[in-house]
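The values are calculated or read from the model by the stated rules, or taken from the named source; none is laboratory data. All figures in this text were calculated on a predicted structure; none of them were measured in a lab. Here Cβ is always computed from backbone atoms with ideal geometry, including for glycine, and neighbour counts include all displayed protein chains.
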Amino acid sequence: MLIVMRHGATAGQIDTVVRAIEEMGYQARPMPGKQRTTVGLVGNDGKVDASRLAGLDGVLDIIHVSQPYKQVSREWKSESTIVRLPGGLTIGGEDIVVMAGPCSVESESQIIETARAVRDAGAAVLRGGAFKPRTSPYAFQGLGKKGLELLKKAREETGLLIVTEVIEPEAVDMVAEVADILQVGARNMQNFALLKRVGRAKKPVLLKRGIAATITELLLSAEYLLAEGNDQVVLCERGVRGFDPATRNVFDLTAVPLVHNLSHLPIIADPSHATGLRDKVTPMARAAVAAGADGLLIEVHPHPEKALSDGAQSLTPEQFAELMRQVRAIAEVIGRRVAEPAGV
Ligand code: PEP
Ligand code: MN
């Protein structure tokens with residue numbers, strides 16, 4: 001619920017509303033705006049009796065947020081959220097931010113070579129998993145802490161920002177020491193203990209849609225992060241499970257304009273996991289940008305045939321450079337531009 005204060009409401013009147021909300025057993029989130037202050041009421045899972053608040057001095061209007069998610073909704077906040085990264089990079093504004101790199105960090109030479117290649121092609125963020133959530137317990141699980149150290153080295157060498165996945169609450173602080181963006185993967189989209197812990201980390205979060213999650217469920221998972229006080233959240237469409245094994249997943253690009261309507265949070269797209277097929281990644285990256293995605297997550301490997309995970313969907317550095325050329329052209333047509341790496 002939102003309590004809209006009159007233009008010129010005094011600090012004392014706003015404070016009275018905040019205290020009344022707290023006495024009712026909820027939390028109050030005052031949001032000063034250009035025209036007037038709005039006080040958000042959080043902590044309710046249903047309709048709240050607003051009569052006590054409606055009569056308070058300075059209250060202009062009470063708005064009931066109709067969606068089950070509150071703070072992530074456009075009803076709650078009409079302006080788009082801009083996620084701010086070190087070096088001045090932003091996600092959610094005019095720029096399209098491309099994050100690229102291998103599925104997993106495998107060795108120093110692999111990650112440094114990939115980092116240089118994707119940077120030269122114009123990616124702004126290096127991706128790479130140090131901790132990998134794998135379907136099989138016998139599959140490569142990632143280099144762990146060593147992988148994080150290699151990512152740190154790659155950032156020092158190239159200046160690229162780092163996005164890397166965190167798979168358990170206990171590891172959040174360790175991963176956040178290296179990551180500029182904490183990735184919560186599809187398999188963990190509803191790991192609520194992890195979401196709560198990541199929501200308390202003071203780092204931007206990339207939240208990927210679960211393989212069988214509805215848009216409402218994705219937004220409710222994002223709500224966990226905002227409820228813990230972290231609004232620096234980027235959503236990611238990475239395909240959902242379909243009935244046809246012709247592609248790894250079904251790339252639900254409608255999610256992009258849908259999320260832009262329902263939420264103020266930015267959404268990027270991952271055509272690598274969505275298709276699972278190297279030669280389908282570039283056309284679907286073009287489509288994602290055309291659909292309005294605020295960025296792309298692309299798997300790139302210097303020798304995809306030797307990759308320890310997701311080689312079949314990884315682009316070579318040359319293919320990635322061509323993808324960037326094509327995506328820049330599409331961005332221009334829709335009045336956007338691909339963000340340059342920091343320091344360029
Ligand atoms: C990944 O980005 O490598 C990954 C594991 O993706 P997802 O969580 O979307 O499967
Ligand atoms: Mn992968």
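Looking at (1) loosely packed, with under 13 Cβ neighbours inside 10 Å; (2) in contact (Cβ under 8 Å) with a residue 40 or more places away in the chain, which one does Glu75 not meet, given that it meets all the others?
Here Glu75 clears every test but (1).
Do you know which of the residues in region 201-254 that are of a type in the set (Lys, Arg) and within 15 Å of ligand 1 (Cβ to nearest atom) is nearest to the chain's Cα centre (by Cα)?
Among them, the one singled out is Lys208.
Checking Arg187 against (1) assigned to a loop (DSSP other than H, G, I, E, B); (2) under 21 Å from the mean Cα position of the chain (by Cα), only one condition comes out false. Which one?
Failing condition for Arg187: (1).
What do you reckon, is Leu277 within 16 Å of ligand 2 (Cβ to nearest atom), of a type in the set (A, V, I, L, M) and without any contact (Cβ under 8 Å) to a residue 60 or more places away in the chain?
yes
Among the residues of region 239-254, is there at least one that is on the phi < 0 side of the Ramachandran plot, surrounded by 23 or more Cβ atoms within 10 Å (Cβ to Cβ) and in contact with a His (Cβ under 8 Å, 6 or more places away or on another chain)?
The answer is no; no qualifying residue exists.
Considering every residue within region 272-282, establish whether at least one is among the hydrophobic types (A, V, I, L, M, F, W, C), crowded, with 19+ Cβ neighbours inside 10 Å, under 17 Å from the mean Cα position of the chain (by Cα) and within 16 Å of ligand 1 (Cβ to nearest atom).
There is at least one residue in region 272-282 that is among the hydrophobic types (A, V, I, L, M, F, W, C), crowded, with 19+ Cβ neighbours inside 10 Å, under 17 Å from the mean Cα position of the chain (by Cα) and within 16 Å of ligand 1 (Cβ to nearest atom).
Which residues, counting only those in region 48-67, are assigned to a loop (DSSP other than H, G, I, E, B) and in contact (Cβ under 8 Å) with a residue 24 or more places away in the chain?
The answer is Val48, Ala50, Leu56, Asp57, Gly58, His64, Val65, Gln67.
Of the residues Glu299, Glu332, Glu322, which is touching a Leu at 6+ places or on another chain (Cβ under 8 Å), at pLDDT 95 or above and among the acidic types (Asp, Glu)?
Going through Glu299, Glu332, Glu322 in turn, just one is touching a Leu at 6+ places or on another chain (Cβ under 8 Å), at pLDDT 95 or above and among the acidic types (Asp, Glu): Glu299.
Are there any pairs with C-beta distances below 7 angstrom linking a residue in region 169-184 that is surrounded by 19 or more Cβ atoms within 10 Å (Cβ to Cβ) to a residue that is among the acidic types (Asp, Glu), with the two at least 6 apart or on different chains, and if so which?
Final answer for the pair search is Gln183/Glu165.
Could you give me the residue pairs with C-beta distances under 8 Å whose first residue belongs to region 25-43 and is closer than 15 Å to Ala11 by Cβ, whose second residue is among the polar types (S, T, N, Q) wherever it lies, and which are 6+ apart or on separate chains?
These pairs meet every condition: Pro30/Thr37; Pro30/Thr38; Met31/Thr37; Met31/Thr38.
Do any strands (runs of 3 or more DSSP E) lying entirely in region 84-180 carry at least 1 residues that are on the phi > 0 side of the Ramachandran plot, and which ones are they?
95-101
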